[in-house]
Amino acid sequence: MQQTLQYIESNKERYLKEVAEFLRIPSVSSQPNRKGEVLRCSQWVANQFKAIGMENVSIAPTAGHPVVYADWLHAPGKPTILLYGHYDVQPEDPVNEWKSPPFEASVREGKLFARGSADDKGQVFIHLKAIEAVLKNEGKLPLNLKVIIEGEEEVGSPNLDAFVSANKKKLAADVVLISDTSMFAHGVPTICYGLRGLAYCEIEVTGPNTDLHSGVFGGSVHNPIQALSEIIASLHDKNGRVTIPGFYDDVLKLSKAERNSFAKLPFKDSQYAKFLGVKELYGEKGFTTLERRWARPTLECNGIWGGYTGEGAKTVLPGKAYAKISMRLVPNQSAEKIATLFGKHIKKIAPKTVQVKVTYLHGGEAAITPIDSPGVRAAVIALEKGFGKKPLYQREGGSIPIVTNFKKILGLDTVLLGFGLPDENAHAPNEFISLDNFFGGIKTSAHYYYEYSTIAK
Ligand code: BES
Ligand code: ZN
(Lines give C-alpha, C1' and ligand atoms only; values in the text may rest on other atoms or scores of the structure.)
(Ligands and ions follow the chains in the order given, each with its own letter.)
Protein backbone atom coordinates (compact mmCIF):
# COMPACT_ATOMS: atom_id res chain seq x y z
CA MET A 1 0.00 0.00 0.00
CA GLN A 2 2.87 2.37 0.80
CA GLN A 3 4.11 2.08 -2.75
CA THR A 4 0.62 2.65 -4.13
CA LEU A 5 0.25 5.83 -2.08
CA GLN A 6 3.69 7.01 -3.18
CA TYR A 7 2.71 6.33 -6.77
CA ILE A 8 -0.47 8.41 -6.39
CA GLU A 9 1.60 11.27 -4.92
CA SER A 10 4.01 11.26 -7.82
CA ASN A 11 1.38 11.03 -10.57
CA LYS A 12 -0.70 14.09 -9.68
CA GLU A 13 0.32 16.08 -12.75
CA ARG A 14 -0.57 13.21 -15.06
CA TYR A 15 -3.96 12.79 -13.38
CA LEU A 16 -4.80 16.42 -14.04
CA LYS A 17 -3.85 16.06 -17.70
CA GLU A 18 -5.90 12.91 -18.14
CA VAL A 19 -8.99 14.11 -16.34
CA ALA A 20 -8.96 17.15 -18.64
CA GLU A 21 -9.51 14.81 -21.61
CA PHE A 22 -12.53 13.31 -19.88
CA LEU A 23 -13.94 16.73 -18.96
CA ARG A 24 -13.41 18.03 -22.50
CA ILE A 25 -16.14 15.76 -23.88
CA PRO A 26 -19.49 17.57 -23.62
CA SER A 27 -21.50 14.50 -22.65
CA VAL A 28 -24.76 16.30 -21.89
CA SER A 29 -27.29 13.50 -21.75
CA SER A 30 -30.39 15.69 -21.98
CA GLN A 31 -29.51 17.28 -25.32
CA PRO A 32 -30.24 15.21 -28.45
CA ASN A 33 -27.61 17.11 -30.48
CA ARG A 34 -24.96 15.86 -28.02
CA LYS A 35 -25.78 12.17 -28.54
CA GLY A 36 -22.52 11.63 -30.47
CA GLU A 37 -20.50 13.26 -27.69
CA VAL A 38 -22.17 11.11 -25.06
CA LEU A 39 -21.26 8.01 -27.10
CA ARG A 40 -17.68 9.28 -27.51
CA CYS A 41 -17.50 9.75 -23.77
CA SER A 42 -18.62 6.16 -23.14
CA GLN A 43 -15.80 5.05 -25.44
CA TRP A 44 -13.30 7.17 -23.54
CA VAL A 45 -14.38 5.56 -20.27
CA ALA A 46 -14.24 2.05 -21.76
CA ASN A 47 -10.76 2.70 -23.18
CA GLN A 48 -9.57 3.91 -19.80
CA PHE A 49 -10.82 0.77 -18.08
CA LYS A 50 -8.99 -1.34 -20.66
CA ALA A 51 -5.83 0.71 -20.27
CA ILE A 52 -5.69 0.29 -16.49
CA GLY A 53 -6.10 -3.47 -16.67
CA MET A 54 -9.80 -4.05 -16.09
CA GLU A 55 -11.33 -6.90 -18.08
CA ASN A 56 -14.50 -7.77 -19.99
CA VAL A 57 -14.90 -4.11 -20.85
CA SER A 58 -18.04 -3.48 -22.85
CA ILE A 59 -20.19 -0.61 -24.02
CA ALA A 60 -23.73 -1.89 -23.68
CA PRO A 61 -26.26 -0.08 -25.81
CA THR A 62 -29.59 0.83 -24.18
CA ALA A 63 -32.71 2.53 -25.52
CA GLY A 64 -30.86 5.73 -24.61
CA HIS A 65 -27.16 6.28 -23.88
CA PRO A 66 -24.88 3.28 -23.33
CA VAL A 67 -23.69 1.73 -20.07
CA VAL A 68 -19.98 0.98 -19.71
CA TYR A 69 -19.20 -2.28 -17.90
CA ALA A 70 -15.84 -3.62 -16.73
CA ASP A 71 -14.68 -6.11 -14.14
CA TRP A 72 -11.68 -7.67 -12.43
CA LEU A 73 -12.58 -10.99 -10.84
CA HIS A 74 -9.35 -12.65 -9.77
CA ALA A 75 -9.81 -12.68 -5.99
CA PRO A 76 -11.63 -15.94 -5.29
CA GLY A 77 -13.04 -16.11 -1.77
CA LYS A 78 -12.89 -12.33 -1.48
CA PRO A 79 -15.91 -10.02 -1.56
CA THR A 80 -17.14 -8.22 -4.65
CA ILE A 81 -17.81 -4.50 -4.97
CA LEU A 82 -20.15 -3.15 -7.62
CA LEU A 83 -18.90 0.35 -8.38
CA TYR A 84 -21.41 2.72 -9.98
CA GLY A 85 -20.95 6.19 -11.45
CA HIS A 86 -22.11 8.33 -14.36
CA TYR A 87 -20.23 9.87 -17.26
CA ASP A 88 -23.06 12.16 -18.38
CA VAL A 89 -23.32 15.76 -17.23
CA GLN A 90 -25.85 18.56 -16.94
CA PRO A 91 -26.04 21.31 -19.58
CA GLU A 92 -23.44 24.06 -19.23
CA ASP A 93 -25.76 27.03 -19.59
CA PRO A 94 -25.75 29.90 -18.70
CA VAL A 95 -22.40 29.64 -20.43
CA ASN A 96 -21.54 33.36 -20.06
CA GLU A 97 -21.32 33.00 -16.30
CA TRP A 98 -18.40 30.58 -16.45
CA LYS A 99 -15.04 32.15 -15.60
CA SER A 100 -13.30 29.54 -17.78
CA PRO A 101 -14.95 27.52 -20.57
CA PRO A 102 -17.16 24.73 -19.13
CA PHE A 103 -15.51 21.93 -21.07
CA GLU A 104 -11.91 23.03 -20.57
CA ALA A 105 -10.42 21.92 -17.26
CA SER A 106 -8.95 24.89 -15.45
CA VAL A 107 -7.06 24.83 -12.14
CA ARG A 108 -7.36 27.91 -9.92
CA GLU A 109 -7.00 28.36 -6.16
CA GLY A 110 -6.69 24.67 -5.44
CA LYS A 111 -9.79 23.79 -7.43
CA LEU A 112 -10.34 22.03 -10.73
CA PHE A 113 -13.11 23.75 -12.68
CA ALA A 114 -15.20 22.20 -15.48
CA ARG A 115 -18.67 20.79 -16.00
CA GLY A 116 -18.61 17.30 -14.50
CA SER A 117 -15.47 17.92 -12.41
CA ALA A 118 -17.43 16.94 -9.29
CA ASP A 119 -20.67 15.52 -10.70
CA ASP A 120 -19.63 12.92 -11.59
CA LYS A 121 -16.75 12.55 -14.05
CA GLY A 122 -14.17 13.74 -11.53
CA GLN A 123 -15.36 11.16 -9.01
CA VAL A 124 -15.48 8.37 -11.60
CA PHE A 125 -11.93 9.33 -12.54
CA ILE A 126 -10.91 9.11 -8.87
CA HIS A 127 -11.78 5.40 -8.93
CA LEU A 128 -10.17 4.84 -12.34
CA LYS A 129 -6.90 6.12 -10.93
CA ALA A 130 -7.26 4.32 -7.59
CA ILE A 131 -7.77 1.02 -9.42
CA GLU A 132 -4.89 1.79 -11.76
CA ALA A 133 -2.56 2.63 -8.88
CA VAL A 134 -3.39 -0.58 -7.00
CA LEU A 135 -3.11 -2.84 -10.07
CA LYS A 136 0.15 -1.22 -11.13
CA ASN A 137 1.84 -1.37 -7.74
CA GLU A 138 0.37 -4.46 -6.11
CA GLY A 139 -0.20 -6.49 -9.26
CA LYS A 140 -3.73 -7.30 -8.20
CA LEU A 141 -6.80 -5.97 -6.45
CA PRO A 142 -7.58 -7.19 -2.92
CA LEU A 143 -11.15 -8.05 -3.96
CA ASN A 144 -13.37 -8.55 -6.97
CA LEU A 145 -14.58 -5.45 -8.70
CA LYS A 146 -17.44 -4.89 -11.13
CA VAL A 147 -18.06 -1.46 -12.55
CA ILE A 148 -21.00 0.16 -14.32
CA ILE A 149 -20.72 3.76 -15.46
CA GLU A 150 -23.93 5.00 -17.04
CA GLY A 151 -24.72 7.90 -19.35
CA GLU A 152 -28.23 8.84 -18.25
CA GLU A 153 -28.11 9.62 -14.52
CA GLU A 154 -28.75 13.31 -15.07
CA VAL A 155 -31.97 12.53 -16.93
CA GLY A 156 -33.30 10.11 -14.33
CA SER A 157 -31.63 6.83 -15.44
CA PRO A 158 -34.61 5.82 -17.63
CA ASN A 159 -32.95 2.68 -19.00
CA LEU A 160 -30.77 1.55 -16.13
CA ASP A 161 -33.35 -0.54 -14.25
CA ALA A 162 -33.83 -2.63 -17.39
CA PHE A 163 -30.06 -3.04 -17.78
CA VAL A 164 -29.62 -4.09 -14.16
CA SER A 165 -32.59 -6.49 -14.30
CA ALA A 166 -31.28 -8.08 -17.49
CA ASN A 167 -27.81 -8.54 -15.97
CA LYS A 168 -28.62 -9.66 -12.44
CA LYS A 169 -26.11 -12.51 -12.44
CA LYS A 170 -23.37 -10.51 -14.05
CA LEU A 171 -23.81 -7.72 -11.50
CA ALA A 172 -24.08 -9.92 -8.42
CA ALA A 173 -21.93 -8.42 -5.64
CA ASP A 174 -21.75 -7.82 -1.89
CA VAL A 175 -22.11 -4.07 -1.86
CA VAL A 176 -22.57 -1.10 -4.19
CA LEU A 177 -20.06 1.73 -3.96
CA ILE A 178 -20.91 5.18 -5.33
CA SER A 179 -18.84 8.34 -5.31
CA ASP A 180 -21.37 10.93 -6.45
CA THR A 181 -22.19 12.89 -3.30
CA SER A 182 -20.49 15.62 -1.29
CA MET A 183 -18.61 16.07 1.94
CA PHE A 184 -20.15 18.20 4.66
CA ALA A 185 -17.43 20.82 4.21
CA HIS A 186 -13.86 21.17 2.98
CA GLY A 187 -11.60 19.08 5.20
CA VAL A 188 -14.56 17.18 6.68
CA PRO A 189 -14.70 13.64 5.29
CA THR A 190 -18.27 12.48 5.22
CA ILE A 191 -20.39 9.40 4.84
CA CYS A 192 -23.75 10.09 3.26
CA TYR A 193 -26.51 7.71 4.32
CA GLY A 194 -29.60 9.27 2.78
CA LEU A 195 -30.74 10.77 -0.50
CA ARG A 196 -34.04 12.32 -1.49
CA GLY A 197 -36.22 10.97 -4.27
CA LEU A 198 -37.68 12.96 -7.11
CA ALA A 199 -40.81 13.37 -9.20
CA TYR A 200 -40.34 15.68 -12.17
CA CYS A 201 -43.29 17.08 -14.14
CA GLU A 202 -43.90 19.62 -16.86
CA ILE A 203 -46.98 21.83 -17.09
CA GLU A 204 -48.25 23.22 -20.39
CA VAL A 205 -50.89 25.93 -20.17
CA THR A 206 -52.81 26.84 -23.31
CA GLY A 207 -54.92 29.95 -23.60
CA PRO A 208 -55.99 31.45 -26.95
CA ASN A 209 -55.29 29.35 -30.05
CA THR A 210 -52.45 31.63 -31.14
CA ASP A 211 -50.21 34.41 -29.85
CA LEU A 212 -52.17 37.68 -29.84
CA HIS A 213 -51.48 41.41 -30.03
CA SER A 214 -51.45 42.32 -26.34
CA GLY A 215 -53.04 45.69 -26.99
CA VAL A 216 -55.81 44.50 -29.25
CA PHE A 217 -56.72 41.44 -27.15
CA GLY A 218 -55.35 42.21 -23.66
CA GLY A 219 -58.25 42.50 -21.22
CA SER A 220 -60.34 39.85 -22.93
CA VAL A 221 -58.49 36.58 -22.32
CA HIS A 222 -56.54 35.10 -19.39
CA ASN A 223 -52.86 35.35 -20.22
CA PRO A 224 -51.47 31.78 -19.90
CA ILE A 225 -48.30 33.07 -18.23
CA GLN A 226 -50.44 34.81 -15.61
CA ALA A 227 -52.61 31.71 -15.14
CA LEU A 228 -49.52 29.54 -14.77
CA SER A 229 -47.97 31.97 -12.29
CA GLU A 230 -51.15 31.90 -10.23
CA ILE A 231 -51.10 28.10 -10.24
CA ILE A 232 -47.43 27.94 -9.21
CA ALA A 233 -47.84 30.61 -6.53
CA SER A 234 -50.67 28.61 -4.98
CA LEU A 235 -48.55 25.46 -4.56
CA HIS A 236 -47.07 26.72 -1.26
CA ASP A 237 -48.93 28.16 1.71
CA LYS A 238 -47.72 30.92 4.00
CA ASN A 239 -45.85 28.39 6.11
CA GLY A 240 -43.85 27.20 3.13
CA ARG A 241 -45.78 23.93 2.99
CA VAL A 242 -46.80 22.33 -0.27
CA THR A 243 -50.58 22.61 -0.75
CA ILE A 244 -51.17 19.50 -2.87
CA PRO A 245 -53.67 17.34 -0.93
CA GLY A 246 -52.00 14.13 0.25
CA PHE A 247 -48.48 15.41 -0.47
CA TYR A 248 -47.25 14.72 3.07
CA ASP A 249 -49.38 11.64 3.76
CA ASP A 250 -46.65 9.00 3.44
CA VAL A 251 -43.72 11.06 4.73
CA LEU A 252 -41.59 9.17 7.20
CA LYS A 253 -41.19 11.36 10.27
CA LEU A 254 -37.71 12.22 11.45
CA SER A 255 -36.80 10.48 14.68
CA LYS A 256 -35.72 12.49 17.71
CA ALA A 257 -32.31 10.87 17.52
CA GLU A 258 -31.82 11.91 13.92
CA ARG A 259 -33.00 15.46 14.56
CA ASN A 260 -30.46 15.61 17.36
CA SER A 261 -27.68 14.32 15.17
CA PHE A 262 -28.49 16.92 12.45
CA ALA A 263 -28.54 19.62 15.12
CA LYS A 264 -25.06 18.64 16.29
CA LEU A 265 -23.50 19.28 12.89
CA PRO A 266 -21.49 22.50 12.61
CA PHE A 267 -24.03 24.47 10.58
CA LYS A 268 -25.19 28.08 10.97
CA ASP A 269 -28.18 29.53 9.14
CA SER A 270 -26.61 32.98 9.05
CA GLN A 271 -23.42 31.71 7.42
CA TYR A 272 -25.37 29.60 4.99
CA ALA A 273 -27.57 32.57 3.96
CA LYS A 274 -24.45 34.66 3.46
CA PHE A 275 -22.87 31.97 1.32
CA LEU A 276 -26.01 31.86 -0.85
CA GLY A 277 -26.26 35.65 -1.06
CA VAL A 278 -29.76 35.85 0.39
CA LYS A 279 -30.93 38.04 3.27
CA GLU A 280 -33.19 35.37 4.69
CA LEU A 281 -33.72 31.68 4.18
CA TYR A 282 -37.07 30.20 3.16
CA GLY A 283 -38.75 26.87 3.73
CA GLU A 284 -41.28 24.80 5.59
CA LYS A 285 -41.99 26.13 9.08
CA GLY A 286 -41.20 23.89 12.02
CA PHE A 287 -38.02 22.36 10.61
CA THR A 288 -34.39 23.37 10.63
CA THR A 289 -32.56 24.15 7.40
CA LEU A 290 -30.76 20.80 7.32
CA GLU A 291 -34.01 18.96 8.03
CA ARG A 292 -35.72 20.81 5.21
CA ARG A 293 -32.86 20.08 2.79
CA TRP A 294 -32.31 16.43 3.64
CA ALA A 295 -35.41 14.94 5.16
CA ARG A 296 -38.48 16.95 4.12
CA PRO A 297 -40.19 16.84 0.73
CA THR A 298 -40.17 20.04 -1.33
CA LEU A 299 -41.55 21.44 -4.56
CA GLU A 300 -39.50 23.66 -6.85
CA CYS A 301 -40.13 25.44 -10.12
CA ASN A 302 -37.01 24.70 -12.18
CA GLY A 303 -37.94 26.78 -15.20
CA ILE A 304 -40.80 28.80 -16.60
CA TRP A 305 -41.22 30.14 -20.08
CA GLY A 306 -43.61 31.49 -22.65
CA GLY A 307 -44.16 34.59 -24.75
CA TYR A 308 -41.30 36.82 -25.79
CA THR A 309 -37.98 36.56 -23.97
CA GLY A 310 -35.62 37.99 -26.58
CA GLU A 311 -33.95 41.38 -26.56
CA GLY A 312 -36.02 44.54 -26.44
CA ALA A 313 -39.79 44.72 -26.15
CA LYS A 314 -42.46 42.87 -28.05
CA THR A 315 -46.10 43.38 -27.22
CA VAL A 316 -47.59 39.94 -27.26
CA LEU A 317 -50.18 37.98 -25.33
CA PRO A 318 -48.81 34.44 -25.67
CA GLY A 319 -50.95 31.44 -26.53
CA LYS A 320 -48.98 29.11 -24.27
CA ALA A 321 -46.89 29.01 -21.12
CA TYR A 322 -44.81 26.24 -19.59
CA ALA A 323 -43.13 25.29 -16.35
CA LYS A 324 -40.90 22.48 -15.14
CA ILE A 325 -41.68 21.42 -11.60
CA SER A 326 -39.70 18.98 -9.49
CA MET A 327 -40.68 17.54 -6.16
CA ARG A 328 -37.98 16.12 -3.89
CA LEU A 329 -39.25 13.16 -1.93
CA VAL A 330 -38.29 11.47 1.30
CA PRO A 331 -38.39 7.86 2.43
CA ASN A 332 -41.76 6.13 2.10
CA GLN A 333 -43.09 8.52 -0.57
CA SER A 334 -43.72 7.04 -4.00
CA ALA A 335 -42.66 9.10 -7.01
CA GLU A 336 -45.52 7.73 -9.16
CA LYS A 337 -48.09 8.51 -6.50
CA ILE A 338 -46.80 12.03 -5.95
CA ALA A 339 -46.73 12.68 -9.70
CA THR A 340 -50.36 11.51 -9.92
CA LEU A 341 -51.42 13.71 -6.99
CA PHE A 342 -49.63 16.63 -8.64
CA GLY A 343 -51.34 16.10 -12.01
CA LYS A 344 -54.78 15.81 -10.42
CA HIS A 345 -54.27 18.88 -8.28
CA ILE A 346 -53.06 21.06 -11.16
CA LYS A 347 -56.07 20.02 -13.27
CA LYS A 348 -58.39 20.79 -10.37
CA ILE A 349 -57.07 24.25 -9.60
CA ALA A 350 -56.56 25.37 -13.21
CA PRO A 351 -58.97 28.18 -14.06
CA LYS A 352 -61.59 27.50 -16.77
CA THR A 353 -60.02 30.23 -18.88
CA VAL A 354 -57.10 27.98 -19.86
CA GLN A 355 -56.34 24.33 -20.58
CA VAL A 356 -53.56 22.51 -18.76
CA LYS A 357 -51.58 19.44 -19.65
CA VAL A 358 -49.27 17.80 -17.10
CA THR A 359 -46.55 15.38 -18.17
CA TYR A 360 -44.60 13.20 -15.75
CA LEU A 361 -41.02 13.26 -17.04
CA HIS A 362 -39.21 11.00 -14.58
CA GLY A 363 -38.85 10.05 -10.97
CA GLY A 364 -37.13 7.94 -8.39
CA GLU A 365 -37.44 6.98 -4.75
CA ALA A 366 -35.52 8.34 -1.76
CA ALA A 367 -32.88 6.12 -0.19
CA ILE A 368 -31.58 5.46 3.30
CA THR A 369 -28.56 3.20 3.56
CA PRO A 370 -27.56 1.32 6.70
CA ILE A 371 -24.63 2.80 8.63
CA ASP A 372 -23.87 -0.25 10.76
CA SER A 373 -22.73 -2.31 7.78
CA PRO A 374 -19.31 -3.67 6.78
CA GLY A 375 -19.41 -1.35 3.76
CA VAL A 376 -19.71 1.73 5.93
CA ARG A 377 -17.24 0.49 8.54
CA ALA A 378 -14.69 0.14 5.74
CA ALA A 379 -15.54 3.65 4.53
CA VAL A 380 -14.92 5.10 7.99
CA ILE A 381 -11.40 3.63 8.08
CA ALA A 382 -10.63 4.49 4.45
CA LEU A 383 -11.70 8.12 4.94
CA GLU A 384 -9.66 8.37 8.09
CA LYS A 385 -6.61 7.05 6.28
CA GLY A 386 -7.21 9.18 3.18
CA PHE A 387 -8.06 12.48 4.89
CA GLY A 388 -6.54 12.08 8.34
CA LYS A 389 -9.86 12.60 10.13
CA LYS A 390 -12.83 10.54 11.25
CA PRO A 391 -15.82 11.14 8.96
CA LEU A 392 -19.16 12.51 10.02
CA TYR A 393 -22.53 11.20 8.87
CA GLN A 394 -25.06 13.18 6.92
CA ARG A 395 -27.97 12.90 4.54
CA GLU A 396 -28.19 14.83 1.28
CA GLY A 397 -30.98 16.53 -0.60
CA GLY A 398 -30.00 15.36 -4.09
CA SER A 399 -31.08 12.14 -5.76
CA ILE A 400 -29.45 9.07 -7.25
CA PRO A 401 -32.50 7.07 -8.35
CA ILE A 402 -30.67 3.80 -8.95
CA VAL A 403 -29.75 3.42 -5.25
CA THR A 404 -33.18 2.08 -4.21
CA ASN A 405 -33.34 -0.03 -7.35
CA PHE A 406 -29.99 -1.67 -6.63
CA LYS A 407 -31.61 -2.77 -3.40
CA LYS A 408 -34.84 -3.89 -5.09
CA ILE A 409 -33.30 -5.66 -8.07
CA LEU A 410 -29.96 -6.93 -6.73
CA GLY A 411 -30.68 -6.89 -2.99
CA LEU A 412 -27.62 -4.71 -2.42
CA ASP A 413 -27.00 -1.85 -0.02
CA THR A 414 -25.04 1.15 -1.22
CA VAL A 415 -22.14 2.98 0.37
CA LEU A 416 -22.06 6.67 -0.60
CA LEU A 417 -18.42 7.70 -0.46
CA GLY A 418 -18.55 11.21 -1.90
CA PHE A 419 -15.72 13.63 -2.61
CA GLY A 420 -17.70 16.70 -3.74
CA LEU A 421 -18.34 19.83 -1.67
CA PRO A 422 -21.57 21.68 -0.88
CA ASP A 423 -20.33 24.78 -2.72
CA GLU A 424 -19.06 22.87 -5.77
CA ASN A 425 -21.58 24.51 -8.14
CA ALA A 426 -22.94 21.23 -9.44
CA HIS A 427 -25.55 21.84 -12.18
CA ALA A 428 -24.49 25.51 -12.13
CA PRO A 429 -21.77 27.67 -13.71
CA ASN A 430 -18.19 27.21 -12.41
CA GLU A 431 -18.54 23.65 -11.14
CA PHE A 432 -15.37 22.46 -9.43
CA ILE A 433 -13.81 19.71 -7.38
CA SER A 434 -11.24 20.69 -4.79
CA LEU A 435 -7.80 19.27 -5.54
CA ASP A 436 -7.54 18.09 -1.93
CA ASN A 437 -10.64 15.98 -2.42
CA PHE A 438 -9.58 14.86 -5.89
CA PHE A 439 -6.22 13.47 -4.75
CA GLY A 440 -7.48 12.53 -1.29
CA GLY A 441 -10.32 10.70 -3.01
CA ILE A 442 -7.92 8.59 -5.06
CA LYS A 443 -6.05 7.55 -1.93
CA THR A 444 -9.25 6.95 0.05
CA SER A 445 -10.70 4.78 -2.73
CA ALA A 446 -7.54 2.66 -2.87
CA HIS A 447 -7.75 2.26 0.92
CA TYR A 448 -11.42 1.40 0.61
CA TYR A 449 -10.81 -1.64 -1.60
CA TYR A 450 -8.38 -3.01 1.03
CA GLU A 451 -10.49 -2.17 4.06
CA TYR A 452 -13.61 -3.67 2.55
CA SER A 453 -11.80 -6.82 1.52
CA THR A 454 -10.71 -7.46 5.12
CA ILE A 455 -13.87 -6.31 6.89
CA ALA A 456 -16.40 -8.04 4.65
CA LYS A 457 -15.01 -11.56 4.47
N1 BES B 1 -24.59 13.70 -7.96
C2 BES B 1 -25.95 14.12 -8.01
C3 BES B 1 -26.74 13.76 -6.77
C4 BES B 1 -26.27 14.38 -5.51
C5 BES B 1 -25.62 15.58 -5.48
C6 BES B 1 -26.50 13.72 -4.36
C7 BES B 1 -25.18 16.11 -4.29
C8 BES B 1 -26.10 14.27 -3.18
C9 BES B 1 -25.41 15.47 -3.16
C10 BES B 1 -26.61 13.49 -9.19
O11 BES B 1 -25.82 13.41 -10.31
C12 BES B 1 -27.79 14.34 -9.55
O13 BES B 1 -27.67 15.52 -9.73
N14 BES B 1 -28.91 13.72 -9.65
C15 BES B 1 -30.10 14.33 -10.11
C16 BES B 1 -31.04 13.19 -10.30
C17 BES B 1 -32.21 13.47 -11.15
C18 BES B 1 -31.92 14.04 -12.48
C19 BES B 1 -33.04 12.21 -11.28
C20 BES B 1 -30.63 15.32 -9.10
O21 BES B 1 -30.51 15.11 -7.89
O22 BES B 1 -31.16 16.35 -9.53
ZN1 ZN C 1 -24.04 12.95 -10.13
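Axis angle, to the nearest 10 degrees, between helix 435-455 and the longest C-alpha principal axis of the chain: 60 degrees.
Taken over the C-alpha atoms, segment 28-157 has Rg and Dmax values of 15.9, 53 angstrom. Amide H to amide H, with H built 1.01 Å from N, G398 comes under 5 Å of R196, counting only residues 5 or more places away or on other chains. Evaluating 6.51 cos²θ - 1.76 cosθ + 1.60 at θ = phi - 60° for every residue in segment 374-387, the Karplus couplings come out as x, x, 7, 4, 5, 5, 4, 5, 4, 5, 5, 6, x, 10 Hz, glycine and proline recorded as x. Across segment 148-276, the mean sequence separation of Cα contacts (distance under 8 Å, 6 or more residues apart), normalised by length, yields a relative contact order of 9 percent.
For segment 20-110, the relative contact order is 31 percent, taking Cα pairs closer than 8 Å that sit 6 or more residues apart in sequence and dividing their mean separation by the residue count.
Dividing the alpha-carbon Rg of segment 379-457 by 2.2 N^0.38 Å yields what?
On the way: Rg = 14.4 Å, N = 79, 2.2 N^0.38 = 11.6 Å.
For segment 379-457, the normalised Cα radius of gyration is 1.24.
Taking the protein heavy atoms of the chain in the context of the full set of protein chains, the accessible area attributed to carbon and sulfur is 52 percent at 1.4 Å.
Its residue count N fixes a reference of 2.2 N^0.38 Å for segment 215-289, and the Cα radius of gyration divided by that reference is 1.67.
Per residue, the convex hull spanned by the alpha carbons of the chain comes to 154 Å³. Rounded to the nearest Hz, the phi-derived 3J(HN,Hα) couplings of segment 395-411 under the Karplus curve 6.51 cos²θ - 1.76 cosθ + 1.60 (θ = phi - 60°) are 9, 9, x, x, 10, 9, x, 6, 4, 5, 6, 4, 5, 5, 8, 9, x, where x marks glycine and proline. Per residue, the solvent-accessible area of the chain (1.4 Å probe, heavy atoms of protein chains only, all protein chains present) comes to 44 Å².
Per-residue ellipticity at 222 nm, computed for the chain from helices alone with -39500 (n - 2.57) per DSSP H run of at least four residues, works out to -10500 deg cm²/dmol. Residue by residue, segment 61-78 carries 3J(HN,Hα) couplings of x, 10, 5, x, 8, x, 9, 8, 10, 7, 8, 8, 10, 10, 10, x, x, 9 Hz when phi is fed to the Karplus relation 6.51 cos²θ - 1.76 cosθ + 1.60 (θ = phi - 60°); x denotes Gly or Pro. Within the chain, the longest run free of exposed loop sites, counting GluC sites (Glu not before Pro) that sit outside DSSP helix and strand states (H, G, I, E, B) and have at most 11 other Cβ atoms within 10 Å, spans 110-279.
Is there a pair in K17/K121; K12/K443; K279/K324; K238/K337; K170/K408; K50/K129 whose C-alpha atoms are over 18 Å apart, and which pairs would that be? With Cα atoms farther than 18 Å apart: K279/K324; K238/K337.
If you wrap a convex hull around the Cα atoms of segment 271-317, how much volume per residue is inside, in Å³? Intermediate results must be reported in sequence, preceding the final value.
Numbers: hull volume 7.3 nm³, N = 47.
Convex hull of Cα atoms, per residue: 156 Å³.
Taking a ≥ b ≥ c as the square roots of the eigenvalues of the alpha-carbon gyration tensor, segment 1-55 is classed prolate because a/c is 1.5 or more and a/b outweighs b/c.
The values are calculated or read from the model by the stated rules, or taken from the named source; none is laboratory data. Keep in mind that what you see is a predicted model, and the values were worked out from it rather than measured. Ideal geometry is used to build each Cβ from the backbone, glycine not excepted, and the neighbour counts take in all protein chains shown. Surface accessibility is based on the protein's heavy atoms, side chains included, excluding ligands, DNA and RNA. Shrake-Rupley method; radii C 1.70, N 1.55, O 1.52, S 1.80 Å.
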